[in-house]
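Every number in this text was worked out from the coordinates using simple rules, so none of it is lab data. The shown structure was predicted, so the numbers you read here are calculated from the model rather than taken from an experiment. Counting neighbours? That spans all protein chains shown, and the Cβs are built from the backbone with ideal geometry, glycine included.
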Amino acid sequence: MVNVTKFIDEAVEKIRAAAGDEKVVMALSGGVDSSVCAELAKRAIGTNLMPIYVDTGLMRKGESERICELFCDINLTMVDAGDEFFSALEGVTDPEEKRKIIGEKFIRIFEREAKKTGAKYLLQGTIYPDRIESEGGIKSHHNVGGMPVHIDFSGIIEPLEDLYKDEVRDVAGGLGLPREIQHRMPFPGPGLAVRVLGEITPEKVGIIREANAIVEQELVEQYTPWQCLAALIGLGTGVKGDVRLHGWIVAVRAVHSRDAMTADPIELPWKTLHQIGSRITSEIPGVARVVYDITPKPPATIEYE
Ligand code: XMP
């Protein structure tokens, strides 16, 4: 376990030494990793920190508005890039290709914003499991393996690269960040894109955004999962009124884990599953079926792509 006070002092020093008097951009997603990074960097370099929140159009319900509220005191730039992401993803079905496109777009947007501000460095909340999984070739996490080769920054600063998630949460506590951030479920950098199989369209993302909101409302408080989510996994036959029709199949996943390297599905009560199923099919038009994923990791990953 990390010594929180010592870690904070050293990380602040490390960021200060790496950045010097230069401006630093960072992707603030509102997750625990990027929030801890932002707080450390604020302490290290003050107003030279230029946090940027990119609304990719792939965020969860209400997320952009909430981040604005939470971080309005730190000079946050909001970039509305949904259209850019959706057009770059048009027609793309391969999971790795999607990740690479999203990762590349992210970096290009930072470069664009950095140019406006004269920032020379990029601060990233990469943590230890991200590095290991990318190095091991399991998949390219958008903030690591998906990184384009030509990066228009003098350097990248990654103060959390040796920490596990639970250690990052301890550091968040040590920094006095709100509980809501400290205990936030991980959310992948590519956002809801890894929860929609096949081509990404605004329509599919809209459906899965609503389904994720329902799953979180029903499970987060009561079961404190490591992660819970909904994914759009295909089309299947359903019936509305007297008519058979094709509708979306939504998979629900809720897992306990320590570090995301392995995970176990939560044994949810039938009543809870039933409630989730009936809410998703009745509140979201076009959904025909809801299934619960009972696969541990391994063999399955936590996300669907
Ligand atoms: P998997 O699906 O590999 O996920 O079992 C392990 C953990 O990592 C998150 N995840 C990602 N995070 N970029 C990220 O920043 C990604 O491309 C990515 N893919 C998965 C996932 O939500 C889980 O917490």
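Annotations
- Bridges between two residues of the chain, per DSSP, are antiparallel at a rate of about 45%.
- Expected 222 nm ellipticity per residue - DSSP helices of 4 or more, -39500 (n - 2.57), all of the chain, to 500: -13000 deg cm²/dmol
- All Cα pairs of segment 33-111, percent lying beyond 17 Å: 53
- Top positive-direction residue, dipole computed over the chain with Cβ charges, set SER278, GLY198, MET59: SER278
- Amide H contacts of ILE157 (H built 1.01 Å from N, in plane; Pro and chain starts excluded): LEU122, LEU123, GLN124 sit under 5 Å, all sequence-distant by 5 or more or on other chains.
- Considering all different alpha carbon pairs of segment 1-71, the Kirkwood hydrodynamic radius works out to 13.2 Å.
- Distance between modelled label sites at ASP166 and GLU69, nm, 7 Å Cα→Cβ extension: 3.1
- Interatomic Cα distance distribution for segment 45-91, bins of 5 angstrom, percent: 5, 19, 25, 21, 14, 9, 5, 1, 0
- Across segment 234-247, computed HN-Hα scalar couplings (Karplus, 6.51 cos²θ - 1.76 cosθ + 1.60, θ = phi - 60°) run x, 10, x, 7, x, 9, 10, x, 9, 9, 7, 9, 7, x Hz from first to last residue, x flagging Gly and Pro.
- An ellipsoid equivalent to the chain, defined through the eigenvalues of its Cα gyration tensor, has semi-axes of 34, 22, 17 Å when rounded to whole angstrom and sorted largest first.
- Rh by Kirkwood over Cα pairs, then Stokes-Einstein D for segment 250-305 at 0.692 mPa s and 37 °C, µm²/s: 268
- Over segment 1-138, the pair-distance histogram of Cα-Cα distances with 5 Å bins from zero comes to 2, 9, 17, 20, 20, 16, 10, 4, 1, 0 percent, rounded to whole numbers.
- Structure note, pairs LYS6/LYS297; LYS23/LYS105; LYS204/LYS297; LYS98/LYS240; LYS14/LYS105: Cα-Cα distances above 23 angstrom occur for LYS6/LYS297; LYS204/LYS297; LYS98/LYS240; LYS14/LYS105.
- Simple spin-label estimate for ARG108 and LEU273 in nanometres, 7 Å along Cα-Cβ: 4.4
- The chain: relative contact order as a whole-number percent, Cα under 8 Å and 6+ apart: 17
- Summarising the overall dimensions of segment 177-298 from its C-alpha atoms, the Rg and Dmax are 14.8, 53 angstrom.
- In segment 178-223, one over the average inverse separation of all distinct C-alpha pairs is 12.0 Å, which is the Kirkwood hydrodynamic radius.
- Distance between segment 221-267 and segment 1-26 - C-alpha centres, whole angstrom: 39
- With 0.36 nm allotted per residue and the present C-alpha distance subtracted, the VAL239-LYS297 stretch has 17.6 nm of extension available.
- Label-to-label distance, ARG43 versus MET1, with points set 7 angstrom from Cα along the beta-carbon direction: 1.9 nm.
- Under the convention that each Lys and Arg Cβ holds +1 and each Asp and Glu Cβ holds -1, the size of the dipole of the chain around its Cα centre is about 340 debye.
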